[in-house]
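Structure, as structure tokens:
The values are calculated or read from the model by the stated rules, or taken from the named source; none is laboratory data. This one's a predicted model, so the numbers in the text were calculated from it and none came from an experiment. Every residue, glycine among them, receives a Cβ derived from its backbone with ideal geometry; neighbour counts consider all protein chains shown. We work out accessible area using only protein heavy atoms, side chains counted, and drop any ligands, DNA or RNA first. Shrake-Rupley method; radii C 1.70, N 1.55, O 1.52, S 1.80 Å.
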Amino acid sequence: MFKKILIANRGEIALRVMRACRDIGIHTVAVHSTVDADSMHVRLADESVCIGGPLSKDSYLNVPSIITAATITNSDAIHPGVGFLSENAEFAEIVRDHNLVFIGPSPQHITDMGDKVKAKKIATKLGISVVPGSDGGVSSLSEAQSIARNIGYPILIKATSGGGGRGMKIVQNESELAEAIQMAKSEAEASFGNSEVYIEKYLSHPKHIEIQVIADNFGNVIHLGERDCSLQRRHQKIFEESPSPVITPDQRAELGKLAANSIKQLGYRGVGTIEFLYSDGHFYFIEMNTRLQVEHPITEQITGIDIVQEQIKIAADDKLSFSQQDVKFSGHAIECRINAEDPDTFSPSPGLVSSYHTPGGPGVRIDSHLYSGYKIPSYYDSLAAKLIIYEVNRKRCLARLKRALSEYVISGVKTIIPLHLRIIDNPEVISGQYDITTLERMTTA
Ligand code: ADP
């Protein structure tokens, strides 16, 4: 097992990884930018190294600085967390070239799945249904027109290297197509350094259902069930639950088996998430994330498995210590992402957290780096806390969530707690029959 792990990240996820390390006796090294010197992840780590200025490119994306920090602290491995360098195959390779372990899958798997067109091709080969659309990148308007006519409007233009819900354009009819393609291409180039776009049928009221998988180096693969992440703002998740209120045990077992078998055939190792859109009783693959997901805690709550510890153990070449039969799903878990944002406009609200009080009691878990007196910097994403609620069933889980949300005090900055309170009063959410458009309809009503 590793003696020391450097965590190449910040915020709540850096703390989450650090806690997993500490629980199994691994020393931790935090890296931080100059504005993050007073951050909780720096305070709680065994050691810390300043790796650059506030801009992500100067610090959390600064590969030479991170590798140097790992070398001078004698770290054995680097955990990339989520975001930043977590899906950067070149970084994974550089880490390996410096005789350090990258806690994640092979660079090849990161590359393959990071290209969403390639990922869809791989999924198709493995017998997984994908959302109907172009076979690859779309190069000309006439090609786009003919594909769109074939699958029928509305369609969605997506960036091949896209992520974070950015770079998608819904096109309702042919008259909008030319301009939308142009815009999507230039946005994709600006955001991802790759202008290639592809086309998918725009499914109008699907659910976002994803399956968590874990694979070791010895061919053992298991799935940990699904998460329903359909409540999204601007294609970004803000409320997730497991199990999904609409998935039956048979569907779970079938989809889980499909996901686990596919991972096995790919020779993938580590943790990963296969994402589907669920519409009219069918599951359509959209992408695979080759890293830990922000919403992993809800799966931990209902399975009792510490996904981050498993991820670390697998990277250290340990065998999975349990089989699919050992995995038992029990109870219900919901995660609310508490972003420091205006709850109506979603514009970021950085600044001083003047007072901070967390809810407590049974079944309440908070993954957060906030503290009273902490200044949320404006340079990074707005995720301030994750409130994770566990109860024996969904109805009681929603009631406990309401109680916990109303106890949570974060003063000085705006947060989306008021929006979460509205979400859990929404009839579609209460019934479980919500989809990816529910939140948008709620916030524009
Ligand atoms: P990203 O990698 O940017 O997160 P995804 O492909 O995972 O992009 O899609 C993010 C979200 O966008 C999905 O959860 C869904 O809400 C929406 N979306 C993606 N593809 C489609 C589609 N073909 N039809 C309708 N909505 C879609």
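Residues in segment 242-274 that are within 17 Å of Ile298 (Cα to Cα), in a loop (DSSP other than H, G, I, E, B) and open to solvent by 10 Å² or more (accessible area, probe 1.4 Å): Pro243, Pro245, Val246, Ile247.
Any residue at all in segment 276-284 that's modelled with pLDDT under 95 and in the same structural domain as Tyr390 (by TED's automatic domain parsing)? Scanning segment 276-284, I find at least one residue that is modelled with pLDDT under 95 and in the same structural domain as Tyr390 (by TED's automatic domain parsing), so the answer is yes. Pairing each residue of segment 196-211 that is farther than 14 Å from Tyr434 by Cβ with any residue that is among the charged types (D, E, K, R) and within 9 Å of the ligand (Cβ to nearest atom), provided the two are 6+ apart or on different chains, yields C-beta distances under 8 Å for Val197/Lys158; Tyr198/Lys116; Tyr198/Lys158; Ile199/Lys158; Glu200/Lys158; Glu210/Glu275. Checking Glu196, Glu189 one by one, the residue that is within 15 Å of the ligand (Cβ to nearest atom), closer than 13 Å to Thr160 by Cα, of a type in the set (Asp, Glu) and not assigned by TED's automatic domain parsing to the domain that holds Gly267 is Glu196 and no other.
Considering only residues that are more than 9 Å from the ligand (Cβ to nearest atom) and of a type in the set (S, T, N, Q), which ones fall in segment 201-225? The answer is Gln212, Asn217, Asn220.
Considered as a group, the residues in segment 84-140 that are of a type in the set (D, E, K, R), more than 17 Å from Glu200 (Cα to Cα) and loosely packed, with under 15 Cβ neighbours inside 10 Å include one that is nearest to the chain's Cα centre (by Cα), and that residue is Glu90.
With respect to the conditions (1) part of a loop (DSSP other than H, G, I, E, B); (2) crowded, with 22+ Cβ neighbours inside 10 Å, Ala69 lacks only one, and its number is (1).
One residue stands out in segment 187-200 among those that are part of a strand (DSSP E or B) and touching a Gly at 6+ places or on another chain (Cβ under 6 Å): the one that is surrounded by the most Cβ atoms within 10 Å (Cβ to Cβ), namely Ile199.
Only residues that are touching a strand residue (DSSP E or B) at 6+ places or on another chain (Cβ under 7 Å) and either within 20 Å of Ala37 (Cβ to Cβ) or outside the structural domain of Ile238 (by TED's automatic domain parsing) (or both) were counted in segment 355-377, giving 7.
Which of the residues belonging to segment 298-357 are in a loop (DSSP other than H, G, I, E, B), among the β-branched types (Val, Ile, Thr), within 30 Å of Ser411 (Cα to Cα) and open to solvent by less than 40 Å² (accessible area, probe 1.4 Å)?
Hit for segment 298-357 is Val353, nothing else.
Residue-level check: of (1) more than 22 Å from Leu15 (Cβ to Cβ); (2) assigned to a helix (DSSP H, G or I), Gly127 misses just (2).
Residues that are in contact with an Asp or Glu (Cβ under 8 Å, 6 or more places away or on another chain), open to solvent by 70 Å² or more (accessible area, probe 1.4 Å) and more than 14 Å from the ligand (Cβ to nearest atom) within segment 141-186 comprise just one, Arg149.
Screening the candidates Leu224, Leu203, Leu231 for the property of being out of contact with any helix residue (DSSP H, G or I) (no Cβ under 7 Å at 6 or more places or on another chain) and either open to solvent by less than 60 Å² (accessible area, probe 1.4 Å) or part of a loop (DSSP other than H, G, I, E, B) (or both) yields one hit, Leu203. Among residues of segment 262-277 that are hydrophobic (A, V, I, L, M, F, W, C), those with a Cβ under 9 angstrom from a residue that is open to solvent by 50 Å² or more (accessible area, probe 1.4 Å) and in a helix (DSSP H, G or I), sequence gap 6+ or separate chain, pair up as Ile274/Leu258. Scanning segment 21-66 for residues that are over 25 Å from Glu310 (Cβ atoms), free of Cβ contacts under 8 Å to residues at least 60 places away in the same chain and not in a helix (DSSP H, G or I) turns up His32, Ala37, Ser48, Val49, Cys50, Ile51, Gly52, Gly53, Ser59, Leu61, Asn62. Restricting attention to segment 102-135, the residues being among the small types (Gly, Ala, Ser) and within 16 Å of the ligand (Cβ to nearest atom) number 6.
Among the residues of segment 382-407, what is the count of those that are surrounded by 20 or more Cβ atoms within 10 Å (Cβ to Cβ) and β-branched (Val, Ile, Thr)? Number satisfying all stated conditions: 2.
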